[in-house]
Amino acid sequence: FRPLRADPMRTGLTMLAIALGVAVVVAIDLAGDAAVGSFQSSVTSLLGPVDFEITANGGIDERVMAKLTALPVNANFAATIEQRVTTGGHLPVTMFGIEAILDPTAAVVSRDIATRFNWKPGDRIHLHAGARTAEFRIRSVDPDEKNEWIAVDIAPAQQLLESYGRIDHVEVIVGPHESADTVEHAMQRAIPFGYDISTPGARAEDSQRMLRAFRTNLGVLSYISLLVGAFLIYNTIAVSVVRRRVEIGILRGLGVGRRGVLAIFLGEAALLGIIGSVAGIGLGRLMASAMVDSISRTVNSIFLTSSPGKVAFAWLPALVAFGAGTAVAVVSALIPAHEAAGVAPAEAMRRDARQHETRVRAGRDLAWAGVVCVAAIVLGQFGPIAGRPLTGYAAALCAVAAAALISPAFISAAIDLLRGALRRIPGAAGMIAGRSLVASLARTSVVVTALATAIAMTISVGIMVTSFRRTVQIWLENRLQADIYLRAAGQVTAGLFAPIPPQVYGIVAAAPGVDEVDAFHGFNFHYEGQQSTFGASNIDIMRRHGPPKFLSGDADEILRSLPNRNRVIVTEPFANKHHVKVGDVLHIALGPNQVPLTVAGIYYDYSSHRGLVVADWSTMRRYLPNQPATDMAIYVKRGSNPTTVRYGLESRLADYDVSLAPNEALRDSALAVFDRTFAVTWALEGIALIVAMLGTANSLLALVLDRRREIGLIRCLGADDGQIRRMVLTEAGLIGLLAAGLGLVLGIALSLDLIYVINRQSFGWTIQFHPPLGLLAAALLLLWIFTVAAGIYPARFAARLQPAETAHEE
């Protein structure tokens, strides 16, 4: 306790750094749990435990219910609609249409949503789906507190959604004394070929699989701050060992064994970790509330429709974060604590032994760095493990380890190169600062590595995000060639394909100024147990206006081979996820038929990580003639004004539940979703940098404290306050410069790992490398300024040291 209490500034900064790292881990875990809501259908609260669920690509024909209810089995079959609608203030909620409500004007709501909107039984609510609105009276509040949902009778739900004759799924509840196998076999004989019977957990598992990569990547990013904090703990304990070498020697001389010395320093680290982790858990709970909305919007835009729940404190993630924070602190202190325990009493009196050993080992560490770099390259060649890019993460850790090993030699070489420039700083401050950093190489290398790691993560994520954004932007410019786009009105969420009324196509095609209309018919389907999207459009129009870019082969030739044939093109994520090659045959259920479809080509696509299979409309028409259009691309005649044409279409389609958007609005909307997706990522990187800045200030203060005798001697030789301040600020500037150089190299290496290994293994798409040179230069300059600013307090502290006081220390 005494060393920590005697140096409150450094102790506080170290604990704050640990607290921030632990807080991020807790916040991401709690916010992630709340943001994705519940994966299982909440109709369980209304219908009871469900044994089976029947689904079908493109929805279930309502007439199938008559066959199911006529089966000679003891089972209850509940037709269900599950869609997103909006309520007061245009807030999205999940609406269930079920047959258990019966009253067409009544609604049952979950306690969670009732609490959110302050609803109570008897209140009237309005639900909106596109341009249609329906009023319901709250009959009761269900005790479900884990989801936000509204349940109404299935008939008004179909009317509101205009989904007459179709339902989303059928929930099956097996009666008592009835065999589940008997019911399943009877259902298989009654439903059309291509309909799917699954257990309730299958749907949840599918959603979990889709979100696994997203949450894993966020989780890994959340541990970056702890990784940076690990360097800080290492440096704190290492400096403590150096400053107390005389004390160690005295203790050893008085009979304290190696284990006793080891316990002293590991105990210090454990105290820092425990106190910082406890503070971080409370801070993480507050941060989770701020993050949940951002993560929830990302989940709904990209992965699935889910109502966010409340951020509820959970002991398991808190204990995991507490254990991680404490373990990082203790493990980070192992090396300096072991060195302290291994020092002989006589050797402990020498301050500079460890610094000399670090300089001697610099060449050997360089050789080890080469070995670790080779290991990182080898790990990057492997594929994902259990669907997760674990080898990519391992390669990133190897790259960070290599940078730590390179750091001492890099600092010595860089200071040698800068020696001439340092001599030009007045008052010998630059020359002394450079030599001081090399003389205390063990401490300096840790500070530089910690700051370089944080800078590298910021650079790597910046390059990855910018490259991804630029890739998507170029892809959007090439693919979105139509002048106007039309879709069903309402909330746009992932995985939902709202149908467009069939009359709309004829109205649009006959409108003045319209040249061509390409209607896209999309729906979700399951292939090899994973959800993907099947779609069909007019391939000839696609070929003339906006052909996709294929991984190989001639685009025109590939597209010409699709019409009137069982041939499809698939996206790169679908091909990577299912190991599909050109020429392979996919067996996909289209209505009652299991259709063999030959893969004619694989093209780049960034619209969905699920994957997309596209056929010509002539092919889909043979198997699903009534499949509704879900999107339309409208091409305006040459010489016509797209804005005028759009206004005319809006007038003609005023009675239909559709919305129109110009080309540029759709691009801007897509990029806005992209930017929102990575907002949390940037926040995590910012916290990691704050931790690194705290570490820099802490370490500079430690260097000043450890060099009190040296600073006192310089003051005796005539140095004034300004020269002392310049010396410390020059050291801060050099640390920032060295960290920026090392961080830039490490950041580029990590960005290559992120782009070509981690993202490809996680989502299956290829990102083109587009480094933002101007942004990187500005960021490095800003980080250098912050590093110098972190040295202001240590510089002022050093300038206040009195020579007479420091002379008494020896």
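The values are calculated or read from the model by the stated rules, or taken from the named source; none is laboratory data. It should be emphasised that the depicted structure is a prediction, and the values quoted were computed from it without experimental measurement. Here Cβ is always computed from backbone atoms with ideal geometry, including for glycine, and neighbour counts include all displayed protein chains. Remember, those area values only see protein heavy atoms, side chains included, never the ligands or the DNA or RNA. Shrake-Rupley method; radii C 1.70, N 1.55, O 1.52, S 1.80 Å.
Report residue 398's accessible area, 1.4 Å probe, all protein chains in place, as a number in Å² to the nearest 10.
Ignoring ligands and nucleic acids, residue 398 comes out at about 30 Å².
Please compute the length gained on full extension between residue 62 and residue 481, using 0.36 nm multiplied by the number of residues separating them and subtracting their Cα-Cα distance.
This chain segment gains 147.1 nm when fully extended.
Can you tell me which of 177-185, 734-742 comes out highest on packing, and rank the rest after it, using the mean Cβ neighbours within 10 Å?
734-742, 177-185
Could you please put 95, 15 in sequence from largest to smallest accessible area, using a 1.4 Å probe?
15, 95
Quick one: what are the phi-derived ³J(HN,Hα) couplings along the range 442-452, Karplus 6.51/-1.76/1.60 with θ = phi - 60°, whole Hz, x for glycine and proline?
4, 6, 4, 5, 5, 4, 5, 5, 4, 5, 5
Among residues other than residue 504 whose Cβ falls under 13 Å from its Cβ, what is the net charge (Lys/Arg +1, Asp/Glu -1)?
With Lys, Arg at +1 and Asp, Glu at -1, the neighbours total -3.
May I ask you to derive the FRET efficiency for residue 549 and residue 188 from their Cβ-Cβ distance with R0 = 51 Å, giving the value to the nearest 0.05?
FRET efficiency, residue 549 to residue 188: 0.75.
If I take R0 = 51 Å and measure r between the Cβ atoms of residue 178 and residue 664 in this structure, what FRET efficiency does the formula 1/(1 + (r/R0)^6) give, to the nearest 0.05?
0.30
Can you give me the long-range amide H partners of residue 595? Hydrogens built in the peptide plane at 1.01 Å from N, cutoff under 5 Å, separation of 5 or more residues or another chain.
For residue 595, whose amide H was placed from the backbone, the distant partners under 5 Å are 588, 589, 590.
Are there any trypsin sites (Lys or Arg not before Pro) in the range 391-470 that are in a DSSP loop and have at most 12 other Cβ atoms within 10 Å? List them by number.
424
Which value, in Å to one decimal place, does the Kirkwood hydrodynamic radius take for the range 66-191 when every pair of different Cα atoms is included?
15.8 Å
Mind grabbing the accessible area of residue 477 for me, 1.4 Å probe, Å², rounded to tens?
Estimated to the nearest 10 Å², residue 477 gives 80 Å².
So what's the net charge close to residue 476: Lys and Arg +1, Asp and Glu -1, counting the other residues with Cβ under 12 Å from its Cβ?
That sum, taken over residues with Cβ under 12 Å, equals 0.
Probe of 1.4 angstrom, ligands and nucleic acids ignored: what's the accessible area per residue over the range 131-185, in square angstrom?
47 Å²
For the range 558-597, which trypsin sites (Lys or Arg not before Pro) pass both filters: DSSP loop (anything but H, G, I, E, B) and at most 11 other C-beta atoms within 10 Å?
Answer by residue number: 581.
Just to confirm, what accessible area per residue do you get for the range 710-797 at 1.4 Å probe, in whole Å²?
For the range 710-797, the solvent-accessible area averages 43 Å² per residue.
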